[in-house]
Structures are given as C-alpha cells and as structure tokens.
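Below is one structure, written out as structure tokens; comments come after it.
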Amino acid sequence: MRMIWNKTAKFVYALCALMAFFLLPVASQEKAGRTVVCLDGTWDITEGNMAAIPEVFPYKVPVPGLVDMSSPDFFEVGIPSPRREAFWYHKTFQIEGPIPDVALLKVHKAKYGTKVFLNGQFVDEHQPCFTPGYFNLKEFLKGNGEPNQLVIRIGAHRESLPKTLPTGWDFEKYKYIPGIYDSVELILSGTPFIQNIQTAPLIQTGEVRIQAEVRTTQTGGEISLPYRIREAQSGSIVAQGQTSPAALSPNSIHTYDFTVAIPNARLWSPEDPFLYRLELETPADTCSTRFAMRSFQFDATTRRALLNGKPYMLRGTNVCIYRFFEDAGRGNLPWNKDWVRDLHTLFKDMNWNSIRYCIGFPPEFWYDICDELGILIQDEFPIWFLSEWPEELKADAIAKEYEEWMRERWNHPCVVIWDAQNESNSEETGKALMKVRHLDLSNRPWDNGWATPQRETDTIEVHPYFFISDTFNDNPFKMETLADHSGIPGVSAVQKDLQNPMILNEYAWLWLNRDGSETSLTRKVYHNLLGPNSTTEQRREIYARYLAAQTEFWR
C-alpha cells in the first residue's frame, strides 16, 4: 500500500511543521588520525549555464535541502526552464593546520549531476544522483587557516543528465526539484587510509565477518589493524584484538578479511533493535561503523521471509520521498531528524515493521533511525519505466551505481532487500544486479520489479490494483465481487511460471492527497464511488474501509 496520511499522521505533520528550521552547523568530528569536517549549513547559490562559474552568488540555500528552499526564491524550479541550465553552490571554509595525505570531499547525494571546483580549479565530476560522490581535494586544498572557495554545480533538471544514466523518472511526479539533498563532508586523514568497511553477521556461530579496504599512497609496509567491537548504546567493549599483519604496497588498496567472535551475541530485530559498533585503526587513521547481528532471507520451499532463521511476517507501507519533495507543505521536514524519527515511530505504533523506500532513497540518516527503531527496509533504486525501456540505459552503467549504493548502505541492519527497480521489465537490471550481488557478504535477496528474478529466493513484487479499472476503463470495480477474485495475484508474463516469493507492496489504488483531495489517478475512482461532490470526510472513510477489506482479503 502507498503511504497513508491518516488523522494521526496529519497531526504529527502539522505539529512538526511548526518546529524551527534545522541546520547542521559547520563543525568537525575529530578522531585519532581522522577529522571529518561537516560542511552542512547555509550555502550561497545562483543560477546560470552549465559552463561558466558565476562571479556572484546572491541567494542563500540550506545544505542538505532542495533549491526551492532558497532565499529569495527562484522561479520555475523543478521544470525545464529557459531561465537556467544549472544551479551553482558556493561555500567558504578553512582548515586548521597542514593538509594530510587524504582530503576527500563526500557529497552524499545531489541531483542532477555533481561537478566540483575548489579555489577556481576543476576537481572532478560525479553524475549519478542517488549515490555518494567522492572528490579528491588534496591537490587544491589550502590549510593553515587560509580560506577555501568550494563551488559545486548541479543540473537544473533531470534532463541535464545523459540518457545513459538513471534519472529518477516517475510518471506520478510533476516536478524534478534539484539540490544537494544529503550531507556534504570533508574527510581528512593520513595513510594507510580505511576507505570502506563491510560487516557480515554470522549468527549461527556468533561471529561477524569484516572486510576492510585500506588504501596507501607513497608508503606501504607490513601492518596489522587493531579493532574493537562495542555495544553501540552503552559503549562497553565486547571484543577486541588485531588482524594478522599484511604487506601493503605503495599506491595500492589491500582488503583485510577476518572474523571476530562476539560472546553472547544479541540478535537485532524490530522487536529488539540491538546495535554494535566496530572501530578499526591503522597507524594513521581510525574509522568506525555500526552493525548488528541479523540475518534475512527467503525460504525457497515455503517462500516465507526468515529473520534470524525464523519465519517473520512483514507488515508495512511505502514511502515515496521524491514525491514528498514536491509537496507544498514539505518545507525542511525530510532533514529534520526529530520529525523523521517521529514519523517512523508512528509507523511502529501502527504495528508496522517494514517499509519500502519506493522509487528513491531518502537522506542517509533515515537509515540510521530505522536501525535504531527496528524497521526492515526494502530499498528501491529509482528506476521505473512502465512501457518502453530506454535503449541507451545499459547494465554496465546501472551496475556502477548499484555498487556505489551497496557500499554506502551494506552495514545497515535495516536494509534487508536490494530492490533493483520498480515495475519495469528489462534484462538490463537483471544483468546489472548479477554483476554486483556477490559484493554483499550478507547475501541479501534482490527484487527485480516486473523483470525476471535472478535466483529462486529473490522476490517478485506484485501490485494487484482492483480499482485501476475505474481509472482506465468504463468497468468500475465492485466491492461485493471481491470474494470472487483469485487469492493469487497476477504477475508479469516473464514471472507467471515462477515459484519465487512474492511481496505484495501495492494494492490500494484509492490514494488521496494529504488534504483529502483526489489525486489525478484516483479522481474517477471517487466519482464512481461517491459522485462528483464527495466531501473529504467521505473520501477518507471509504478509503479506510476499502483498504481494510483489501488488506484482509490478501492476508
């Protein structure tokens, strides 16, 4: 079912809309050997063409956020406009002391395409819109308190990107609002530098498998990595030691692969979301990540979800964050951590234990909150083509973005299903996911929309919309015929003879806008059910009744 704004949710929305505007200040989080400088906050911004860096930036905008949050306002944001080709962001910052061997800018997520300049020099470009971009600032970064001028260019609309890349098309959206919509940070460290950590819980043996990618520059040597595992909340150390030594060559990447036993390991679940923290060190760097002891898979025989080896019923909803981005009342709510936590707590209060982040990814801290509250996430990459698949969009390009996505999120226990796309039927996504799925040491299942699942334990998403007939033909659905329908939902032609697990994650077709008005897709449905002059109360009541009936039918 799609995200439902019931009366309680509406109250929470209205309450949180009154909260003060929330911005993370420019600050640094210092660890031994590593400093992370947060560049979130108010940035300068202007509009222009794709080629020339503007001379002045007279507008202000929050980062993270969207361009429509600027002061003063820009006109025609989110639609193709002759007013501009691009938006240009500007930030001045300083670094105390000398610049270390590693100086990486991380732009967690930005639309549409990210091109970085530092102190007037071009650094690099990262075109994907839904995965983090890393930029090596070492050559142009000034230290010892000198000012640095950082400029980031993004495209003004999804049409700024080539057709060879996913752009997040959604036929139920009207606007494609650009912006640096997730955090920006500068990572400063010596080398050897820990550039990625992956944890894979082995709950049968009470161990965690760890892969750590360690990068060197001019120097190498034989190095062991000290480690500590703590309870995330209490900080108590439950395991510690060091890896076997490994010979690191200059200018190389070495992967440490080892397992650590966790005595009396406590399993993570929505009922008990218990988290651990892993800390790793090199002689010049320290890096940490949270993880949990949790397994998730589908049984090939019963086709049931198994959480920590036991059957587990998934109950939940969909959150389409990119559609919420165009809500006139959205404001800064997607970046207000209190509001996001309250929203997910409300889901839990409704006895939901799972969410499909539908056709797009929210800011990264949303996943942290789901880890902490205990919510299972079906994480859906924003690819959706209902009819003709674009000829230019190929598996190799998709796979590169899938890998960036997985590397960012594979330590989150909340993420239990990689969802390659929505309601599309193409061989390209299947080819792409098979290029990268071996990278996930936890071996999570994949969903491949309406295309062919790649393993017998991968899921099929089914969307049996009874009321869709009201919208697209003259044969309205009658609730009194509900019991006459088969309890086996229909699937796409390439899936009809398969015995894969099914996830029924859309079935209402009764959607209402937050204010209770009909959506463009459901206007005819409500005219058929209630006539052309129905009230908000009537529409909400019949939505609730009919959705409840459909839910019980499919249950």
Exercise. Any idea of residue 75's accessible area? Nearest 10 Å², probe 1.4 Å.
Worked result: 140 Å²
Exercise. How large, in percent, is the carbon and sulfur part of the accessible surface of the chain at a probe radius of 1.4 Å?
Worked result: 49 percent
Exercise. Across the range 115-262, how many lysine pairs separated by 8 or more positions, or lying on different chains, have Cα atoms within less than 26 Å?
Worked result: 7
Problem set entry | Exposure ranking of 95, 488 by accessible area [1.4 Å probe, largest first] | 488, 95
Exercise. Between the DSSP loop rule and a limit of at most 16 other Cβ atoms within 10 Å, which trypsin sites (Lys or Arg not before Pro) in the range 283-325 are left?
Worked result: 303, 304, 315
Problem set entry | Listed residue pairs exceeding 26 Å between alpha carbons, taken from 111/337; 400/496; 109/394; 60/400; 337/524 | 400/496; 60/400; 337/524
Problem set entry | Whether the range 412-547 is rounded, prolate or oblate, judged on the alpha carbon gyration tensor where a/c under 1.5 counts as rounded | prolate
Problem set entry | Three-way shape call for the chain based on the alpha-carbon gyration tensor, with the a/c threshold at 1.5 | oblate
Problem set entry | Charge context of residue 490, other residues only, Cβ under 14 angstrom, K/R +1, D/E -1 | -3
Exercise. Within the chain, what is the longest stretch that has no GluC sites (Glu not before Pro) placed in a DSSP loop and near at most 11 other beta-carbon atoms within 10 Å?
Worked result: 393-555
Exercise. If the chain between residue 553 and residue 249 were fully stretched, how many nm would it gain, using 0.36 nm times the residue separation less the Cα-Cα distance?
Worked result: 103.3 nm
Seminar exercise, completed: What the Cα atoms of the range 213-361 span along the principal axes, largest first and in whole Å, is 54, 41, 34
Exercise. Mind listing the phi-derived Karplus ³J(HN,Hα) values for the range 480-494, rounded to whole Hz, using 6.51, -1.76 and 1.60 with θ = phi - 60°, and x for any glycine or proline?
Worked result: 5, 9, 4, 5, 7, 7, 5, x, 9, x, x, 10, 5, 4, 6
Exercise. What relative contact order, as a whole-number percentage, does the range 264-307 give when Cα pairs under 8 Å and 6 or more residues apart are counted?
Worked result: 31 percent
Seminar exercise, completed: The ³J(HN,Hα) series, computed from each phi in the range 237-252 with the Karplus coefficients 6.51, -1.76 and 1.60 at θ = phi - 60°, rounded to the nearest Hz and given as x for glycine or proline, is 6, 10, 7, 7, x, 8, 6, 5, x, 9, 7, 9, 7, x, 6, 9
Problem set entry | Selection from 362, 382, 296, by position along the positive dipole direction of the range 271-415 (Cβ) | 296
For this session: Return one whole number: the accessible area per residue of the chain in Å², for a 1.4 Å probe.
Result: 43 Å²
For this session: Using θ = phi - 60° and the Karplus relation 6.51 cos²θ - 1.76 cosθ + 1.60, list the HN-Hα couplings for the range 154-162 in order, rounded to whole Hz, with x at every Gly or Pro.
Result: 10, x, 7, 7, 4, 6, 5, 8, x
Exercise. Cα gyration tensor of the range 148-281, axes a ≥ b ≥ c as square roots of the eigenvalues: rounded (a/c below 1.5), prolate (a/b > b/c) or oblate?
Worked result: oblate
For this session: Specify the angular offset, from 0 to 90 degrees and rounded to the nearest 10, of the alpha carbon long axis of helix 337-349 from the longest principal axis of the alpha carbons in the chain.
Result: 40 degrees
Exercise. Where the only charges are on Cβ atoms (+1 Lys, Arg; -1 Asp, Glu), what is the dipole of the chain about its Cα centre, to the nearest 20 debye?
Worked result: 700 debye
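The values are calculated or read from the model by the stated rules, or taken from the named source; none is laboratory data. Treat the numbers as computed from the prediction; the structure is a model and nothing was measured. Heads up, the Cβs are rebuilt from the backbone with ideal geometry, glycines too, and the neighbour counts pull from every protein chain shown. Side chains are part of the model used for accessible areas, which takes the heavy atoms of the whole protein and leaves out ligands, DNA and RNA. Shrake-Rupley method; radii C 1.70, N 1.55, O 1.52, S 1.80 Å.
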